[in-house]
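Colleague: Below is one structure. I have some questions about it.
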Amino acid sequence: MDKLNILAPVRSKFMMEEMIEAGANEIYFGVSNPLFQQMSFDNKFQTVADYPAHFSDWEDLDDIMSMAKTHQMKVIFMANTPFIPTNLETSFQHHVYRALEKGVDAITISSMQALNLLTNVERDTQIISGSQLAPVNKYGAEMLTELGVSRITVSQSMTLEEIQSLRDLDVELMITGNFGTGSIANCCRLWESPNNGEIGEGVRTLYRILSPLNNQLKQHHILDSATDCSLCNLEDLVSAGVTAIKFIGREAPNPVTLAMVVSMFNEWKEMGVSGFSIEQKMKVMEQEQLMWIMKWVPRFCEKCRCTYKSTAITKTYI
Amino acid sequence: MKTPLKELRIHHEHLYELTEEILGNYQTVSLGHSGCHYKMNGIEEQHIHYLLERDKKVKVEMPILFEAAMNGFFTKMQRFFHYEINFIVNDWGTMRFLAQQQLPSTVSLSVGRQLAFSYGNCPWYEDILQYEDQTIKENYLQLNFGNPAMIKLLKEYGVTEIDADIHAYMEHSVNMLRDEGIKVNGFLHYPMVSTSRSCHTLRLYNEPVGNCQHLCNNGIMIEPRERWNRFEDVTVKISKESREKMGNLLIYGNIVVQDSNRHNESIAFEVDSLCDDARFSPILLKEEAIK
């Protein structure tokens with residue numbers, strides 16, 4: 001359990017300070033590219049709901065790298081765009097090489113194309129496959145490891161037993177700790193628009209049902225099969241071979257709130273190391289964390305947003 | 001769209017209901033499902049024989065296969081491996097598994113629409129790309145397989161065909177694939193926009209998994225109404241203008257498609273076959289095609 005790495009997003013020096021304080025031992029970030037207005041060479045538009053998701057100045061990374069070194073944190077650069085247009089392949093490579101010059105420890109990619117384009121990257125740089133390339137079975141994971149990936153982000157829709165089946169592969173396994181989309185990796189084209197505050201993630205939108213149904217439903221989050229929390233299964237995940245948890249939220253409106261989430265997971269992890277039961281952990285949370293009572297429980301526990309427990313969502317897995 | 005051939009994708013339980021006249025319009029018929037192995041229960045060798053007897057090229061689409069389903073699925077599928085057949089594959093792991101099987105030369109492979117995509121497959125791509133330079137915009141509207149690295153990978157795995165929801169702007173990547181000997185099967189209508197492991201229809205009806213195949217024969221049409229905010233967990237009403245931009249969607253089990261019909265003439269370039277998908281669209285399903 002104490003080997004579980006906590007990977008937090010960073011988009012500014014302030015956010016970096018918050019994540020260090022929260023107990024993250026790995027960080028990740030992306031850098032915007034002047035070629036684009038909203039597109040990027042990673043899997044985030046440059047703004048999400050008007051909040052930036054990237055560093056825009058490479059020079060700002062010097063401070064971040066220095067802080068990471070001081071705190072012995074691993075630094076991961078996001079180059080996880082699911083597709084690189086042919087005309088931009090060279091620009092993509094230069095973008096990644098620039099990050100390597102800054103001294104990042106690992107690169108996250110999310111396409112077979114990117115893996116191919118980065119075959120010349122030095123061997124001491126770890127290659128991580130991102131959530132958009134998440135394998136859904138053992139053969140997919142084997143394929144990635146053969147191509148040089150040494151850490152895999154597993155599909156959020158994989159069960160604990162399925163994750164366990166990857167355990168014998170010579171590869172680190174990572175999960176996403178907070179928020180999911182419910183869609184299978186790379187199968188969702190209903191992206192949140194960076195240019196229109198009314199067009200959010202299509203899979204979590206509230207829809208009016210126009211077809212006649214046998215029930216009285218008129219409006220429903222009918223595409224929402226997202227699972228958002230894995231807290232109660234941290235020990236099971238470690239037993240299944242998971243060695244890292246990634247938190248999403250580079251675009252978080254309030255980095256302090258996101259740091260509280262990271263801190264909560266960290267505290268939960270520490271209590272696990274000390275042998276606390278789930279009930280004991282919850283009791284501590286109730287006593288110490290206002291966020292737990294005010295936000296976490298009503299939003300995730302009461303709505304059964306558990307990624308690895310039997311819920312209405314996981315019971316209908318195909 | 002110029003194309004010499006037509007292909008029909010249909011659920012096997014509707015195959016025998018097709019009139020000979022309708023079937024006569026297609027040179028290729030594909031069975032199977034890109035998202036659900038349960039929906040393929042009941043595909044038998046007699047379905048393949050039925051099509052081969054009518055001189056149809058036969059394809060079977062394989063769904064995205066999570067680890068728990070793989071062994072059982074391939075135990076059933078192996079009986080089809082000796083036919084002259086094309087398997088459409090929708091996840092990289094399945095592709096690798098098949099590549100390890102030393103399949104006979106009569107078996108060929110296609111990449112399905114779960115793996116092949118373009119940013120243009122997002123219903124509101126114009127909104128997303130509106131401020132990008134024209135060249136950048138055009139670049140991002142190409143197919144993700146239309147580049148040397150992905151073509152090389154396709155060839156390594158013996159893939160001969162690729163499925164794609166076609167748009168007018170994809171000409172460059174489609175031509176690149178075809179020039180490299182990869183056939184492109186184009187879908188004009190009802191492009192795929194989302195697939196999840198948890199079945200939307202099952203959740204809606206609260207039915208158990210496995211005996212549910214009847215629930216997703218007809219689509220459920222939905223219209224966007226309120227946007228969800230991840231960090232605040234609140235919803236905000238979507239204006240009529242944005243709703244129109246987003247358009248309606250159709251749900252078929254765990255598959256979601258855009259409610260969109262394009263005119264054949266809107267595509268100026270050639271593909272190798274034009275596909276009508278009766279599984280994930282209202283096309284052909286009812287009175288038009290089935291007796």
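Colleague: Counting only residues 5 or more places away or on other chains, whose amide H sits under 5 Å from the amide H of A:LEU210 once H atoms are built in the peptide plane?
Modeller: Close amide H contacts, sequence-distant or interchain: B:MET221, B:ILE222, B:GLU223.
Colleague: Do the alpha carbons of any pairs in B:LYS2/B:LYS183; A:LYS281/A:LYS315; B:LYS39/B:LYS155; A:LYS281/A:LYS309; B:LYS137/B:LYS183; B:LYS59/B:LYS183 sit beyond 19 Å of each other, and which pairs?
Modeller: Details: B:LYS2/B:LYS183 14 Å; A:LYS281/A:LYS315 26 Å; B:LYS39/B:LYS155 30 Å; A:LYS281/A:LYS309 17 Å; B:LYS137/B:LYS183 25 Å; B:LYS59/B:LYS183 14 Å.
Distance filter (> 19 Å) returns A:LYS281/A:LYS315; B:LYS39/B:LYS155; B:LYS137/B:LYS183.
Colleague: Moving on to the next point. From the square roots a ≥ b ≥ c of the eigenvalues of the alpha-carbon gyration tensor of the range A:183-298, which class results: rounded (a/c under 1.5), prolate (a/b over b/c), or oblate?
Modeller: Values: a/c = 1.99, a/b = 1.80, b/c = 1.10.
The shape class here is prolate.
Colleague: For a test of the definition: using alpha carbon positions, the gyration tensor, and the 1.5 limit on a/c, classify the range A:66-197 as rounded, prolate or oblate. Please list the in-between numbers first.
Modeller: On the way: a/c = 1.41, a/b = 1.15, b/c = 1.23.
Because its axes are fairly even, with a/c under 1.5, the range A:66-197 counts as rounded.
Colleague: With contacts defined as alpha carbon pairs under 8 Å and 6 or more residues apart, what's the relative contact order of the range B:25-65 in percent? Intermediate values should be presented prior to the final figure.
Modeller: Working: 49 pairs, mean separation 24.7, N = 41.
Relative CO of the range B:25-65 lands at 60 percent.
Colleague: What FRET efficiency comes out for A:SER274 versus A:ARG167 if R0 is 30 angstrom and r is the Cβ-Cβ distance? Round to the nearest 0.05.
Modeller: Values: r = 25 Å, r/R0 = 0.82.
Once the sixth-power term is evaluated, E becomes 0.75.
Colleague: Between A:SER91 and A:GLU286, what FRET efficiency comes out of the Förster formula 1/(1 + (r/R0)^6) with R0 = 45 Å and r the beta carbon distance, rounded to 0.05? It would help to have the intermediate numbers written out before the result.
Modeller: Values: r = 51 Å, r/R0 = 1.13.
The calculated FRET efficiency here is 0.35.
Colleague: Take every DSSP beta bridge with both residues inside the protein assembly as shown and express the antiparallel ones as a percent of the total, to the nearest 5. Intermediate results must be reported in sequence, preceding the final value.
Modeller: Working: 26 of 88 bridges.
Around 30 percent antiparallel, to the nearest 5.
Colleague: Given a cut-off of under 8 Å on Cα pairs at least six residues apart, what relative contact order in percent is computed for chain A?
Modeller: 20 percent
Colleague: Over chain B, with a Gaussian network built from C-alpha contacts below 10 Å, which listed residue (B:PRO208, B:PRO63, B:PRO224) shows the highest mean-square fluctuation?
Modeller: Comparing B:PRO208, B:PRO63, B:PRO224 in a Gaussian network model of chain B, the most mobile one is B:PRO208.
Colleague: So which residue, out of B:LEU204, B:LEU65, B:LEU109, gets the largest mean-square fluctuation from a GNM of chain B using Cα contacts under 10 Å as springs?
Modeller: Result: B:LEU204 has the largest fluctuation of those listed.
Colleague: Which residue fluctuates the most in chain B, going by a Gaussian network model with Cα springs under 10 Å, if the choices are B:LYS137, B:LYS59, B:LYS237?
Modeller: B:LYS237
Colleague: Cut-off is 10 Å between beta-carbons; in what order do A:ASP2, B:ASP133, A:ASP42, A:ASP224 appear when sorted fewest neighbours first? Working shown, then result.
Modeller: On the way: A:ASP2 8, B:ASP133 12, A:ASP42 27, A:ASP224 21.
Arranged by neighbour count, lowest to highest, A:ASP2, B:ASP133, A:ASP42, A:ASP224 become A:ASP2, B:ASP133, A:ASP224, A:ASP42.
Colleague: On to the next question. Which whole-number percent of Cα pairs in the protein assembly as shown have a distance greater than 32 Å? Please list the in-between numbers first.
Modeller: Details: 84925 of 185136 pairs.
Of the Cα pairs, 46 percent sit more than 32 Å apart.
Colleague: A further question follows. For chain A, rounded, prolate or oblate, judged on the Cα gyration tensor with a ≥ b ≥ c (square roots of eigenvalues), a/c < 1.5 rounded, else prolate if a/b > b/c? Numbers along the way, then the final one.
Modeller: Working: a/c = 1.38, a/b = 1.18, b/c = 1.16.
Rounded is the answer for chain A, as its axis ratio a/c remains below 1.5.
Colleague: Rg over Rh of the range B:42-163, using C-alpha atoms and the Kirkwood radius, what does it come to? Can you show the working numbers first?
Modeller: Numbers: Rg = 17.5 Å, Rh = 16.4 Å.
Here the Rg-to-Rh quotient is 1.07.
Colleague: Mind sorting A:CYS301, A:CYS306 by how few other Cβ atoms lie within 10 Å of their own Cβ, fewest first? Write out the running numbers ahead of the final one.
Modeller: On the way: A:CYS301 15, A:CYS306 19.
Fewest-to-most ranking of A:CYS301, A:CYS306: A:CYS301, A:CYS306.
Colleague: OK, next. I want to check the label-to-label distance for B:VAL209 and B:THR19. Put each point 7 Å from Cα in the C-beta direction and report it in nm to one decimal.
Modeller: Going from the B:VAL209 label point to the B:THR19 one covers 4.0 nm.
Colleague: On to the next question. Amide H to amide H under 5 Å from B:LYS6: which residues, 5+ apart in sequence or cross-chain, H placed 1.01 Å off N in plane?
Modeller: B:GLN27, B:THR28, B:LEU274
Colleague: Would you pull out the residues with amide H under 5 Å of B:LYS59's amide H, same chain only if 5 or more places away, H placed 1.01 Å from N?
Modeller: B:VAL29, B:SER30, B:LEU31, B:ASN86
Colleague: Computed over the Cα atoms of the range A:91-148, what is the ratio Rg over Rh, Rh following Kirkwood?
Modeller: Values: Rg = 11.6 Å, Rh = 11.9 Å.
Rounded to two decimals, Rg/Rh equals 0.97.
Readers should treat all values here as calculations from the given coordinates under stated rules, not as data from a laboratory. Here the structure is a predicted model, which is why all the values come from computation and not from measurement. In this analysis, Cβ positions are derived from the backbone assuming ideal geometry, glycine residues included, and neighbour counts consider all displayed protein chains.
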